[in-house]
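We did not get these values from a lab; they are worked out from the coordinates using the rules stated. Just so you know, these numbers come straight off a predicted model, no measurement behind them. Glycine also receives a Cβ, built like all others from the backbone with ideal geometry; neighbour counts cover every protein chain displayed.
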Amino acid sequence: MADKDQIRKIQFTGKSSYIVSLPKDWITDQGLKQGDQVSVGRNGSNTLEVKPVNFSKSSVPNTLLTVIILSFIFNFLYYIACRMSFYS
């Protein structure tokens, strides 16, 4: 992204919100897409700081591992239930 400032218009929406669009090249550089979240914070009296919200990358493998383990357990319990019903 170019380091020069860009002029953006402030738009009013709803009853109490204003919108300023973000430069497309910044969105692309950050790997963001529609629906992703950004953090907007005040930095001094006249500066806003916009940062991408990064989710913990370690939570994704843990969630996947949990799904795999639970799938194994449920399939194993289903197998046992089927075997037990076969001998009844």
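Structure summary
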{"item": "Extension gain from Ser39 to Ile68, taking 0.36 nm per residue of separation minus the Cα-Cα distance", "result": "7.2 nm"}
{"item": "Translational diffusion of segment 11-52, µm² s⁻¹ [Kirkwood Rh, Cα pairs; Stokes-Einstein; 10 °C; 1.306 mPa s]", "result": "133 µm²/s"}
{"item": "Order by protection proxy (mean Cβ within 10 Å, highest first), peptides 26-33, 71-78", "result": "26-33, 71-78"}
